Amino acid sequence: MSERINIRDFLNPDIWLSAAAGPRYIQLHRRLRKAIDSGLLEPDTPLPSEREIATLTDLSRVTVRKAIAALVQQGKVVQRQGSGSFIAPSPARVEQSLSHLTSFSEDMARRGLVSHSHWLERGFFPPSAQERAALSLAPDASVARLARLRLADGRPMAIERAALPVDILPVPTEVEHSLYEVLQASGNRPVRAVQKISAINLAQGDADLLGVAPRMAGLQIERLSYLPGGRVAEFTRSIYRGDAYDFVAELRLYDRQEEK
């Protein structure tokens, strides 16, 4: 009974519906998606009926139907013949090791998943201050930048933004699938990396790309990758869905005997 009261309060239009916030069905779609992403509407449970949502929100059933259709299109809701609409099951999480330097493509292939990229940027650009410092670039140097949405079996998983010195990646358009395969072929594949992991709340733009609600929990990983001689070859900042990844590191007990 308490869950029913919670969803009734959550859908109270006095809280979220505004004449200045765009079409009503889009506002309702955002509100329902927030209820799903926050766990208020749990996976594999029935979505309230069109009639019930219309009653709770004072919106027409046509408006409610359009909002639900958008959720179905995004994979947030599934419609079962003769049974109604249900919150989609929770997607399986991907476990990624922090002990090995591998690419997204290699990680997904090992799990039997098909990786795909949607390019956001690919080419030569003036470096940001952070890129210039990380890669030790001259003031007038350009940077080879790759920015893409990474997907596994069609599901958005991460946003990856990589920057490399131009002499290490002289033709960015050669990267079609795996960056490390291209670097391997030219003898410039990194052999070690230092990573910093931070918990974040996803900004609107990144959340839209990943198909989740804004401010949802995510992970940001900044990585500096090094060539055998110690030169920095790559600076990458990646944004991962918080509901899709578990990062695992193997730790060993410190042994003083190893110092001898």
Rank these for me by crowding, R24, R51, going from fewest to most other beta carbons within 10 Å.
R51, R24
Tell me, Y25, Y226, Y240 in order of fewest to most beta-carbon neighbours within 10 Å?
Y226, Y25, Y240
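Work out the P(r) tail for the stretch 94-248: percent of alpha carbon pairs separated by more than 29 Å, whole number.
On the way: 1596 of 11935 pairs.
Value for the stretch 94-248 (Cα pairs over 29 Å): 13 percent.
What ranking do M216, M157 get, fewest neighbouring Cβ atoms within 10 angstrom at the top? Present the calculation step by step, with values, prior to reporting the outcome.
Working: M216 18, M157 24.
By the 10 Å Cβ count, ascending, the order reads M216, M157.
Give me the net charge of L59's neighbourhood, meaning all other residues with Cβ under 14 Å from the Cβ of L59; Lys, Arg count +1, Asp, Glu -1. Write out the running numbers ahead of the final one.
Working: positive: R24, R30, R31, R51, R61, R65, K66; negative: D14, E50, E52, D58.
That sum, taken over residues with Cβ under 14 Å, equals +3.
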Fraction of alpha-carbon pairs over 15 Å apart in the stretch 13-96 - percent
58 percent
At R0 = 45 Å, FRET efficiency that the Cβ-Cβ distance of S83 and I197 yields, to 0.05:
0.65
Taking every DSSP bridge whose two residues both lie in the stretch 94-248, the antiparallel percent to the nearest 5 is 90 percent
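Each value in this text was obtained by applying a stated rule to the coordinates, not by laboratory testing. What you see is a predicted model; the values in this text were computed from it and never measured. So basically every Cβ, Gly included, is an ideal-geometry build from the backbone, and we count neighbours across all protein chains shown.
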